[in-house]
Structures are given as structure tokens and as C-alpha cells.
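Structure record follows, encoded as C-alpha cells.
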Amino acid sequence: MDLAYSAEEEEFRARLRAWLAAVLPTLPPRPDPLDWPARRAYDCGWQRRLHDAGYADVHWDASPTQRLIFLEETELAGAPYVGANFVGLLHAGPTIAAEGTAAQRERWLPPVLRGDEVWCQGFSEPEAGSDLASLRTKAVRDGDEYVVSGQKIWTSHAEVADWCELLVRTDPTAPKHRGISWLAMPMDAPGVTVRPLRTLAGSTEFAEMFLDEVRIPVGNRVGDENDGWRVTMVTLSFERGTAFVGEVVACRRLLGELARAARENGTWDDPVLRRRLGRLSAEFQALWRLTQANVSEAQATGGVPGAGGSVFKLHYSHARQELYEAAATVLGPDALDLGRDWTLDRLSSLSYTIAAGTSQIQRNIVAERILGLPKGR
Ligand SMILES: Cc1cc2nc3c(=O)[nH]c(=O)nc-3n(C[C@H](O)[C@H](O)[C@H](O)COP(=O)(O)OP(=O)(O)OC[C@H]3O[C@@H](n4cnc5c(N)ncnc54)[C@H](O)[C@@H]3O)c2cc1C
């Protein structure tokens, strides 16, 4: 494992830092966190700036180390995160880049990089979450089209998306992992109904999606028919490997803010709280080193992150929840004020141990793939 940065990487860092210092003061004010159309416009505007400055494809084409530097520097500078472009940039885009045909890459990737088109992820169903391979949304071939019917749930950003990376069952008679295909579905296709779901924090960030005989061209299938499970594993390994690294930097910044707030309001005098913040600081330091180790491993193995991403996701999601619990102690009654970012972030942190694979599932992956323990029943 080599954690040192080369001269070229340090130069990349310096150039990026200078660009961020020049461009961030010119950004418009951030939109209301509950207004998704406004958030889409803001996030896409930021993506367009990254594109025009030559940083748009950092999540795909740059080396894992450059990606790490990019995420570290943008977060330290307080730049916007990928936001509504999460699926396009970190799930569907890398999957199409790795598994799509030349024509598919040409059609779908440039608009994602320019911030022109937003994607959502239609994987989970009411009866298929952790056991994703049991999904039932069916696609029946009719000439050059699939006719798709079924229901998806927890589809993040569906309300503002142009495209959906959709998992469908194309062979109901095959073993469950072998009868699945990966399709790109236009969200404005007849038969698609999106019903937003409201979170505890009041945000309609995800939705139920009902599909009633939606016609999708066969040419929108990425990978072979019935090979969608393997294609999906490419997507999920990206998600668990590098999708969260910017957030560790964010946590370390938030912890600094919390320690300052504690000093100001006197809660710092409580030795139990100080120990708690100290332990969290060590935890995020360790997570940052783990991130570097995972990136270094991905670099050595050709870019696709391995099961180390599950170790990271497991620890990170619990540590971040603990950070917000500590924040509630520091902020006292203010922690209940829904007008504060801290409060909204604390509420949404409850989802971290569920989204992108629950903690139990991450433990199963660690047990089987890293520790070599037998598969659970
Ligand atoms: C904020 C957020 C955003 C999301 N965005 C999307 C999205 O954009 N697109 C999408 O498709 N999905 C999305 N999801 C859905 C997410 O992927 C699922 O919620 C997750 O996979 C868990 O599935 P489930 O909710 O059906 O729970 P279940 O799978 O029903 O699990 C229920 C409980 O059983 C446990 N469990 C299940 N199987 C096992 C096992 N084998 N061993 C031990 N314990 C087990 C789980 O850990 C959990 O505690 C999102 C979820 C959240 C919270």
C-alpha cells in the first residue's frame, strides 16, 4: 500500500485549490434544502462549472488518488457536493462507462458530465431491499421494446430525474440472480407514475414509482439480457467504495464546529462530553486512513473498489450518527429547531445505516468476503 502523493498529484491539488478559491465566492446562495427542483438547478449549475473547468469526469477517469484529493479539497473548501447528480455521477455513469456500448456511452455520459441530465436509481421494491435479487418488476419483450410493469420504492430524486437505472426481471423461470436485466428508462415515458414520499425531516427526496406497461427500447439495456445482476454489482461496488469519502472530511469539519460551539456555550466543561468528542475525533481520523487504504487498494487492483468499502460504510454510518447525537447534547433545546442544518442532518443521519445496504448486510459481506466465515442461512 502506498499512501504518498506524487508530485503530479500535489500539482493537481494546488491547481484545484486555486480554482475553488476563485469560483466558490461567485456561486449563488444555496437553495432551500426541501425544494428539490431548486436543488436540482443548483447542483446541475455546479456540475456545469466543474465540467467547464475540466473537473467533471474526476469520478470516472481520474485515478483513485486524484479522486480522493478532489473530494478532500472540495469538501475542505465548502464546495457543493454532487447532490441531485449522485446517481448519474456515482452509480449509473460509472456503470455505463464500464459496461455500456460506445453508442450508449456517447448518448448518456456527456449530459451527466455537463449537468444537463439527472438520473435516479430504481432498484428497491416493497418486497426486495436487502434481498434485491428477489425483485419482481417484469419486462416482457415485444419486438424492439420491453414492456415493463411493477413497483419500485425509495427512488431517490425520482421527482426531478430525467432517467432511471432500472432493474427488471426478464426471465421469471431462471434462478433469481440470473433473470435480471439493467435498463435505462426515460422518466417521462407513458406509464411512469412518481409518488413522492416525505421523510422525517419533511423532504420529498425519494418516491414510490409505479410502472404500468412502460415501453423501453431494447437498445436501452446495458449489458446482456439476464446479465443485469453482474452489471448491478459493478454499480454497488462503486457506491460502497468511494461514494462517501467526501463525507468523512465533512464529519471532521463538523466535529471542529461542534467543539467550538461547546467551548462557547460551556458544555465543554463536561468531561463526559469531551471524552465523547475526543473518541469521535479518533474515529474519523481512523476512517480517513481507512479511506486512503481503500483508495490505494482500488488503485492497485485497477480502479474497482473491493469489500473494504463495506468496512468503511459500516463504521462511517454509525460514527456519523454518533456525531449528531453528541451535537444534540451540545446544542440542547436548539437541536430540536427544524430551521437548523444540524437538526435536519441529524434526522437524515438515521437513514445512513439503511441506505446503500444496511449495517447487517455490510456485516454479512465483511464476515463472508474478508473474514472467510461461512455464508449465513
Ligand atoms: C435515504 C435512503 C435512500 C435510498 N435511495 C434508494 C434509491 O435511490 N434507489 C433504490 O433502489 N433504493 C434506495 N433505498 C433503499 C435501500 O437500498 C433499502 O432500504 C435497503 O437496501 C434495505 O432494504 P429494505 O428497506 O427493504 O429493508 P429489508 O431488506 O426489508 O430489511 C429489514 C431489516 O432486516 C435486516 N436484514 C435483511 N436481510 C438480512 C440478512 N440477510 N441478514 C441480516 N439482517 C438482514 C436489515 O438489515 C433490516 O434491519 C434508499 C434507502 C434510504 C434509507
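The values are calculated or read from the model by the stated rules, or taken from the named source; none is laboratory data. What you see is a predicted model, and the numbers here were worked out from it, not measured in a lab. FYI the Cβ positions are ideal-geometry reconstructions off the backbone, even for glycines, and counts take in every protein chain you see.
Looking across ALA133, ALA174, one residue alone is modelled with pLDDT of 95 or more, surrounded by fewer than 23 Cβ atoms within 10 Å (Cβ to Cβ), within 13 Å of the ligand (Cβ to nearest atom) and not in a strand (DSSP E or B). It is ALA133.
For every residue, the table says whether it meets (1) within 28 Å of ILE69 (Cβ to Cβ); (2) not aliphatic (A, V, I, L, M).
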| position | (1), (2) |
| --- | --- |
| ALA282 | yes, no |
| LEU287 | yes, no |
| GLU297 | yes, yes |
| ASP334 | no, yes |
| ASP337 | no, yes |
| ASP341 | yes, yes |
| ALA356 | yes, no |
| SER359 | no, yes |
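When you check GLU368 against the structure, is it within 12 Å of the ligand (Cβ to nearest atom) and over 20 Å from the mean Cα position of the chain (by Cα), yes or no? It is true that GLU368 is within 12 Å of the ligand (Cβ to nearest atom) and over 20 Å from the mean Cα position of the chain (by Cα).
From the residues in segment 136-156 that are charged (D, E, K, R), away from the ligand (no atom under 16 Å from the Cβ) and part of a strand (DSSP E or B), which one is farthest from the chain's Cα centre (by Cα)? Residue satisfying both the conditions and the ranking: ASP142. Checking segment 51-60 against the condition returns a match, with at least one residue being closer than 19 Å to THR291 by Cβ and surrounded by fewer than 21 Cβ atoms within 10 Å (Cβ to Cβ). One residue stands out among those in segment 314-340 that are under 18 Å from the mean Cα position of the chain (by Cα) and free of Cβ contacts under 8 Å to residues at least 40 places away in the same chain: the one that is nearest to the ligand (Cβ to nearest atom), which is GLN321.
Yes/no matrix, rows are residues, columns are (1) at pLDDT 95 or above; (2) surrounded by 14 or more Cβ atoms within 10 Å (Cβ to Cβ); (3) more than 29 Å from THR95 (Cβ to Cβ):
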site: GLU257; (1), (2), (3): no, no, yes
site: LEU287; (1), (2), (3): no, yes, no
site: GLU297; (1), (2), (3): no, yes, no
site: THR301; (1), (2), (3): no, no, no
site: PHE312; (1), (2), (3): no, yes, no
site: TYR324; (1), (2), (3): yes, yes, yes
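For GLY100, are the conditions met, namely being on the phi > 0 side of the Ramachandran plot and either assigned by TED's automatic domain parsing to the domain that holds VAL248 or touching a residue at least 40 places away in the same chain (Cβ under 8 Å) (or both)? No. Yes or no: segment 341-353 includes at least one residue that is part of a helix (DSSP H, G or I), under 30 Å from LEU258 (Cα atoms), in contact with a Pro (Cβ under 7 Å, 6 or more places away or on another chain) and within 16 Å of the ligand (Cβ to nearest atom). Yes, because at least one residue in segment 341-353 is part of a helix (DSSP H, G or I), under 30 Å from LEU258 (Cα atoms), in contact with a Pro (Cβ under 7 Å, 6 or more places away or on another chain) and within 16 Å of the ligand (Cβ to nearest atom).
Only residues that are within 24 Å of LEU338 (Cα to Cα) and touching a residue at least 40 places away in the same chain (Cβ under 8 Å) were counted in segment 161-207, giving 10.
Considering the conditions (1) under 19 Å from the mean Cα position of the chain (by Cα); (2) touching a residue at least 60 places away in the same chain (Cβ under 8 Å); (3) part of a strand (DSSP E or B), VAL214 is excluded by exactly one of them, (1).
Those residues that are among the β-branched types (Val, Ile, Thr) and more than 18 Å from THR204 (Cα to Cα), I need them from segment 320-377; list them, please. Result: THR329, VAL330, THR353, THR358, ILE361, ILE365, VAL366, ILE370.
The single condition among (1) more than 30 Å from SER63 (Cα to Cα); (2) surrounded by 23 or more Cβ atoms within 10 Å (Cβ to Cβ) that PRO186 does not satisfy is (2). Say whether the condition of being more than 16 Å from the ligand (Cβ to nearest atom), small (Gly, Ala, Ser), surrounded by 15 or more Cβ atoms within 10 Å (Cβ to Cβ) and not assigned by TED's automatic domain parsing to the domain that holds SER130 is met by at least one residue in segment 266-284. The answer is yes; a qualifying residue exists.
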